[in-house]
Structures are given as structure tokens and as C-alpha cells.
Amino acid sequence: MNAAKCVIALVAYLLTCVPAFAADAIKIGAILSVTGPASFLGEPEKNTLVMLQDQLNAAGGVNGQMVEVIVYDDESDVNKCVMAAKKLLDQDQVAVVIGPSISGNTLAISKFFSSAEVPLVSCAAAEKIVRPVDPWVFNTPQLDRHAVTRILQDAKAKGYSRLAILTVSDGYGQAGRSVLKELIPAQGFELAADEVYGPKDTDMTAQLTKIKGAAADAIICWGTNPGPAVVARNRVQLGLTVPLYMSHGVASNKFIELAGEAAEGLVLPAGRLVAVEQVPADHPQKAVLEAYVEGYAKAYGTQISSFGGYAHDAFALVMEAIAKGDSAKSTDIRDNLEKISGFAGTSGVYTYSPENHNGLDESAFIMVTIENGAWKALN
């Protein structure tokens, strides 16, 4: 067989591997950071959506219709995210969009969905995404406010009074910084130091040295990998014994891998997905958590990430809205999302309303520590 025939044969084979969708399939768009700096978020989110699409269609779809998930990789870049959003809305004409993975990208495109009257269910956590409420924008991660509340509850129980914060200068970090600066004094604590580092910084000893001089009782670091792992290692290198809290932005095994032994003993708020085996059998999330862990391991031969859970919940909530409303029209999906109450997902139990497009509270978090290189629930 000559080269040309080999190419034709290969293309024909590949086409048989691509799922065929009926003309009336429900089109679900997704914009995720599958590659680039935020790929630790986007890759498990994409895998999760593909898995759930296949599972649902194998079971007959939703209301008798198949579901087609159209995923675009924004490569962790805001400009490519904007282009992907416009393509999904203008060309693909999807009924709803899941994502983006990161807060800055979500905030950059949310305005398009209001004008298009298509719901957006973001996988990013910044409070600004859903406060104030935009009728067409929802999200699934626990909010920064929920995480800060749990950290401060833990700090108060341990008798800490002076808290230092160390935040990354990106959208996620500065959204967290804003909530920290609001709630620390409101909860009766003193803000001992307020330091910032850049997303690409590889050494934070200068900031930690300043914090050391501020005589803080504890440090709260707010960022996503790899920065917080650098902070953890620098803390050990400097011989600091001041307790270090992390945000939920590092609640994955990747952080433990990056920080190594420096991760030992650190405390943070996390969803129950990081410690599924430690969730009580009668907890409303237990069955959902176990099914997701088992399904992902079967589909991909690897462990789940709590970040993939944000996409899991977005997909499940959208399907619930379609099923309950018996409609896949964008306006009906939006209306029926707001009617969802007591819906167990991987990240918590959701109750949306016209006034609440996040649907969670601080009970969606447990406090965890890292012990012998593994997650351990503290409550």
C-alpha cells in the first residue's frame, strides 16, 4: 500500500472512532484550560465531561435525547477563551456552556452570555462571578468566602489572633485577598502582614521573611499550584514554625507532589472529594463521590482530582435542570437551574435560587491536613 492510500485508510479509521450525534442532540459547550498553566484544572474537567457524556448517552440520554459536549481548550489564555466563547455562541449555537476553568477567563466572557441569553455554569471560584448575581451566570466551586470562613473558624478555635496573608497577584489570588481583608478584622482578628507574590515567582523567601518579622500567629497562603508549593518549601528552608494555612486552590495530590515533605502538617479547607473514604456512609454526597471516583478510575486508569469535580457538578446540574423542566432550551435551563434544591454533587449539596447562583455554603468544606503524604480529614 502506497503512502497516499495509508493516509486515506488512517483517516477513514479515525472517522469511525469519532462519536456520531443525531441532529437533535443537545449541544453543551465547554471552555476549559486543558493545556497551559491551568491544565491541572482543565484536563480533569475535560476528562470528566467526556466520561459523563458517554455514560449518559449509553443510558439513553436525557429525556430521550443524546448529549453532545463540545470542548474548546483556551490554553489558559484569556484571549483564546473569548474566541472560544464567541464560537460556541455564534457558530455552534449551544444550549448552555460549562466553564471556564479559571476566574479571570470567566469574568472576561460572562457578559457575552447575558446578551446571548445562554446560561454559563463556571468551574471557577471567584466570588465576583456570582456576586452580584447575573441572571445567566452560575458556578459550582465553593466560594472564597466559604473557604475563608472555615479557615478563620479553625484559627479562632486554636487561639490565633494575628494573621498574615500571602496571596498570588492573579484573579484567584486577589479575589481571595479581598475576602481575607474583609473577614479577618470582621471576625475579630488582626491583620499582621499583607504580602503578594507573582504567578511566575519561584522564590517567596522575601515575603516570608517580612511575615516572620510581623510576629503573626499563623499565615494564610492563597493561590494555585505551583506558587503555594514554593511557599511551603521556602517556609521549611527558613526554619519558620508559624502554622501555615493553604486555600482550597491546592486541594489535589499535585500539591503534595510539588511540595514534598514541606506539605506535611499544612491545613486547608477542601471538598470531601479529597477524602472520600473518610466521608460517613450516611452523608448525602457519599454515593455521588464514590460513583465519580470509580467511574473516573475505570475510564482513565487514574485518580480523580477535586477540580474535575467542578465540571462533574456543572454537568449534573445542567442535566437535572433539563430533566426536571423537560426542555433543553437555554431560557428553560436557566430558569430550572434556579429551582434546584438539595442536589448532592461532589463539591457539596446545591440549592440555587434567583438570589444565589453558587448554591453552596461553608458546610461544603471540611478542614484537612496532610499526613504521611496523604489527605486526612480533621472534622
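Summary table below
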read-out: Which of Glu257, Glu43, Glu127, Glu362 is most accessible, then next, and so on - probe 1.4 Å; value: Glu257, Glu43, Glu362, Glu127
read-out: Label zone at Asn79 (point 7 Å along Cα-to-Cβ), backbone N below 20 Å, region 37-73; value: 37-39, 72-73
read-out: Local electrostatic count, Arg162, Cβ distance below 11 Å [Lys/Arg +1, Asp/Glu -1]; value: -2
read-out: Estimated FRET transfer efficiency when R0 is 45 angstrom, pair Thr209-Lys86 (beta carbons, to 0.05); value: 0.45
read-out: Residue of Gly104, Gly64, Gly176 that the Gaussian network model of the chain assigns the largest fluctuation, springs spanning Cα pairs under 10 Å; value: Gly64
read-out: Listed residues Ala186, Ala275, Ala164, most fluctuating in the chain (Gaussian network, C-alpha, under 10 Å); value: Ala186
read-out: R0 of 22 Å, Cβ-Cβ distance Lys200-Ser161: FRET efficiency to nearest 0.05; value: 0.05
read-out: Surrounding net charge for Ala214, when Lys and Arg each add one and Asp and Glu each subtract one, Cβ distance under 12 Å; value: -1
read-out: Net charge over other residues, Cβ less than 15 angstrom from the Cβ of Tyr300 (K, R count +1; D, E count -1); value: -2
read-out: Overall form of region 145-270 per C-alpha gyration tensor (a/c, 1.5; a/b vs b/c); value: rounded
read-out: Heavy-atom accessible surface of the chain: percent carbon and sulfur, 1.4 Å; value: 53
read-out: Nearest-20 debye value, region 145-270 charge dipole, Cβ charges on Lys, Arg, Asp, Glu; value: 180
read-out: Principal-axis tilt of helix 3-17 within the chain, Cα atoms, nearest 10 degrees; value: 80
read-out: With DNA, RNA and ligands ignored, accessible area of Arg162 (1.4 Å probe; Å², nearest 10); value: 60
read-out: Cut-off 20 Å (backbone N to label point 7 Å along Cα→Cβ of Ala377), residues of region 333-354; value: 342-351
read-out: Calculated [θ] (222 nm, deg cm²/dmol) that DSSP helices of n ≥ 4 give over the chain, each run adding -39,500 (n - 2.57); value: -13500 deg cm²/dmol
read-out: Entries in Lys156/Lys200; Lys158/Lys339; Lys111/Lys286; Lys46/Lys286; Lys111/Lys376 that, when Cα-Cα distance is taken, lie over 30 Å; value: Lys156/Lys200; Lys158/Lys339; Lys111/Lys286; Lys111/Lys376
read-out: GNM result for the chain, Cα springs below 10 Å: residue of His248, His312, His283 fluctuating most strongly; value: His283
read-out: Over the chain, relative contact order from alpha-carbon pairs under 8 Å, at least 6 apart, %; value: 17
read-out: Using alpha-carbon coordinates, inclination of helix 286-300 to the longest axis of the chain, degrees; value: 70
read-out: Thr202 - accessible surface, heavy atoms, 1.4 Å probe, Å² rounded to 10; value: 120
read-out: Gain on full stretching of the segment that runs from Arg131 to Ala297 - 0.36 nm per residue minus C-alpha separation; value: 56.2 nm
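The values are calculated or read from the model by the stated rules, or taken from the named source; none is laboratory data. Just so we're clear, the structure is a prediction, and the values are computed from it rather than from any experiment. Note that we place each Cβ from the backbone using ideal geometry, even for glycine, and neighbour counts take in every protein chain shown. These area figures cover heavy atoms from the full protein model, side chains too; ligands, DNA and RNA do not enter into them. Shrake-Rupley method; radii C 1.70, N 1.55, O 1.52, S 1.80 Å.
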